[in-house]
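Below you'll find the structure, written out as structure tokens, and then a few comments.
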């Protein structure tokens, strides 16, 4: 099994375990929110429901990404993981705006909330979120898909903290405005956490250059190779986390043999893989009359 496959299996196990934990507590928190009449608790339960959906979608995306390429999808279905992460980011933002709306209604007419019961349920919820967050934290840097699910769980943890604080205030002081106030704070924190995820996934969907690769360095490294006299139309993008692709046109000395011609392509692929972590490299060689080793920069488009 390849390192990439092992990493994907580890991420899948983390997501499945977090899904089971989150689904069980969603039911508990939803019932508790209705029984205590707490918006903060119901908001957290609603967010936890999207966690269940987000984790399920992330798992489905991983399953779909394993399918082999077809004639209509020659790169396979790897990009679906990025799409799932993008959808998770959008749902996080949507939840926040719904929380703001509900909080506004409660600021106008704050209802009675069972602060102590709400606080106890929120404490249990926080423990569940910490456990799920710990499970996903180990894999969040390996995949934007897992990172999206992790941010959902992190948002839930923040929601539980807010519900606990609101419960303490209402239980000790009777100030019912604490419930919508902390709901708004939770909503703001969720938006902040989702914004970066949306930026990262949108960048990948728009075929932006991977953050850890500098096109000028790749250009220079190819220029340094024997027989290369020009590099142009360099494009680098990400299919999904851990799989980068590149296409490039390389000008070489026209006098070289076919054997050397093939060797240059092989060396460029090996160099870009080993030095820059690019898994799929397509090289188009173009013959030049000039035999001097001068890397000519044509109309350069590095992406």
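The values are calculated or read from the model by the stated rules, or taken from the named source; none is laboratory data. Remember, predicted model here, so these are calculated numbers, not experimental data. Note: ideal-geometry Cβ built from the backbone for every residue, glycine included; neighbour counts use all protein chains shown.
Filtered by the rule that a residue be part of a loop (DSSP other than H, G, I, E, B) and either touching a residue at least 40 places away in the same chain (Cβ under 8 Å) or in contact with a strand residue (DSSP E or B) (Cβ under 8 Å, 6 or more places away or on another chain) (or both), the range 64-75 gives 66, 75. Among the conditions (1) under 15 Å from residue 42 (Cα atoms); (2) touching a helix residue (DSSP H, G or I) at 6+ places or on another chain (Cβ under 8 Å); (3) part of a loop (DSSP other than H, G, I, E, B), the only one that residue 112 does not satisfy is (2). Residue 14 fulfils the conditions (1) assigned to a helix (DSSP H, G or I); (2) modelled with pLDDT under 75 except for a single criterion, (2). For the structure I just gave you, tell me whether residue 189 is assigned by TED's automatic domain parsing to the domain that holds residue 95, surrounded by 15 or more Cβ atoms within 10 Å (Cβ to Cβ), out of contact with any strand residue (DSSP E or B) (no Cβ under 7 Å at 6 or more places or on another chain) and in contact (Cβ under 8 Å) with a residue 60 or more places away in the chain. No: the conditions fail for residue 189.
Among the residues that make up the range 176-186, is at least one of them closer than 27 Å to residue 242 by Cα and not in a helix (DSSP H, G or I)? The answer is no, given that none of the residues of the range 176-186 is closer than 27 Å to residue 242 by Cα and not in a helix (DSSP H, G or I). In the set (1) surrounded by fewer than 21 Cβ atoms within 10 Å (Cβ to Cβ); (2) at pLDDT below 80, the condition left unmet by residue 130 is number (2).
Return the residue satisfying two criteria in turn: it lies in the range 209-225 and is in contact with a helix residue (DSSP H, G or I) (Cβ under 8 Å, 6 or more places away or on another chain) and under 16 Å from residue 253 (Cβ atoms), and of such residues it is modelled with the lowest pLDDT. Filtering first and then ranking leaves 225.
Here residue 61 meets each of (1) surrounded by fewer than 18 Cβ atoms within 10 Å (Cβ to Cβ); (2) under 22 Å from the mean Cα position of the chain (by Cα); (3) outside any loop (DSSP other than H, G, I, E, B) with one exception, condition (1).
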